[in-house]
1. In the range 1-129, what percent of the accessible surface is made up of carbon and sulfur (1.4 Å probe, ligands and nucleic acids excluded)?
2. So if I place +1 on the C-beta of Lys and Arg and -1 on the C-beta of Asp and Glu, and nothing else carries charge, what would the dipole magnitude of the chain be about its Cα centre? I want it in debye, nearest 20.
3. Could you compute the FRET efficiency for Gln247 and Gln223, with r as their C-beta to C-beta distance and R0 at 22 Å, rounded to 0.05?
4. With labels modelled as points extended 7 Å from the Cα through the Cβ direction, what inter-label distance (nm, one decimal) is found for His66 paired with Leu265?
5. Calculate how large, on average over all directions, the projected area of the Cα convex hull of the chain is; give the answer in nm² to one decimal.
6. Using a 1.4 angstrom probe with every protein chain in place, what is the largest-first accessible-area order of Glu233, Glu194, Glu211?
7. Stretch Thr14-Asp77 to full length: gain in nm at 0.36 nm per residue minus the Cα-Cα span?
8. Could you report the chain's accessible area per residue, 1.4 Å probe, as an integer in Å²?
Amino acid sequence: MSYEVFARKYRPQTFDDIVGQTHVTRTLKNAVEQNRLAHAYLFVGPRGTGKTSTARILAKALNCIHGPTVRPCGKCDNCREIAGGNSLDVIELDAASNRGIDDVRELRDNVRYVPAKGRFKIYIIDEVHMLTKEAANALLKTLEEPPKHVIFCLATTEPEKLPITILSRCQRFDLHRIATNLIAQQLHSIATKEKLTLAAAAAHAIARGAEGGMRDAESMLDQLVAFCGEKIEEADVLNVFGFTSQQMVADFVGRILRGETADALALLHEQCEAGKDMMKLMSDTIAYLRDLLVFKVKPDALSDEPSTETRA
Ligand SMILES: [Zn+2]
């Protein structure tokens with residue numbers, strides 16, 4: 001069997017598989033259970049946080065032969081076709097590459113035909129803010145009066161670029177950056193299934209580097225396996241991606257706070273010479289200073305935050 005990247009192999013298949021977005025999945029599950037579906041949903045959030053995965057799972061929940069159900073079986077033809085991206089009733093359009101009026105017209109002509117096999121036709125339009133103005137207007141016409149068998153799932157990283165007329169016709173869900181510890185947990189779970197030895201500090205370093213995106217974290221793990229095989233240590237992560245260790249960031253901040261400017265500059269120089277990512281070092285430093293401030297004001301506040309680890 002050919003190699004399948006982790007982000008694809010471990011793509012969430014049920015609402016419960018989606019990490020860190022229970023505020024979204026709970027609402028959608030209720031909507032499916034109570035049969036209170038909107039005609040158009042808008043999923044907003046940074047890249048790799050689960051927008052199109054959520055849309056596909058909703059499609060399975062609605063079109064599974066045992067459905068509508070909040071637990072699509074994953075085994076029937078409909079479920080498998082949707083997961084494989086070849087269901088006739090789930091039409092995915094990437095608005096980044098198909099952004100013109102003709103693409104939306106084709107979609108509009110297609111909308112009126114009843115579903116081939118499932119109960120609903122689900123249109124998933126990714127990066128919907130990329131549509132041209134004319135295309136967005138054409139889409140709006142369809143959103144205003146969609147046939148009963150049609151559900152739109154729009155996804156975007158930049159909702160502020162969408163016309164208000166489209167926004168106002170969608171039920172909006174905001175997906176959040178995923179907390180570092182949740183990403184680390186998912187990486188450990190993949191590592192176990194793949195029989196990899198992933199050090200805890202390594203998982204956290206990847207998770208911090210992914211900045212809330214699960215897909216990025218999983219791609220980084222792919223890259224690490226290619227680079228160092230089955231055993232992954234924190235040092236490997238720092239080397240491969242040019243990250244600076246937490247300890248180094250703490251040293252750097254310590255030197256600044258003690259007024260040891262020359263030493264702080266020397267450390268920066270070393271890191272730069274070692275090929276470290278200076279932008280990442282800067283954002284790590286800001287995050288560390290912010291944690292110090294919070295700690296000073298309310299020492300127990302940091303442990304309440306899902307995204308920060310306790311730092312020695
Ligand atoms: Zn099914």
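1. Looking at the range 1-129 in its full context, I get 45 percent from C and S.
2. In debye, rounded to 20, the chain gives about 1320.
3. 0.40
4. Each label point lies 7 Å from its Cα, and together they span 6.7 nm.
5. Average of the hull's projected areas for the chain equals 19.2 nm².
6. Glu211, Glu233, Glu194
7. Extending this stretch completely gives an extra 21.1 nm.
8. Each residue of the chain exposes 53 Å² on average to a 1.4 Å probe.
The values are calculated or read from the model by the stated rules, or taken from the named source; none is laboratory data. Quick caveat: nothing in here was measured; it's all calculated off a predicted structure. Every residue, glycine among them, receives a Cβ derived from its backbone with ideal geometry; neighbour counts consider all protein chains shown. Surface accessibility is based on the protein's heavy atoms, side chains included, excluding ligands, DNA and RNA. Shrake-Rupley method; radii C 1.70, N 1.55, O 1.52, S 1.80 Å.
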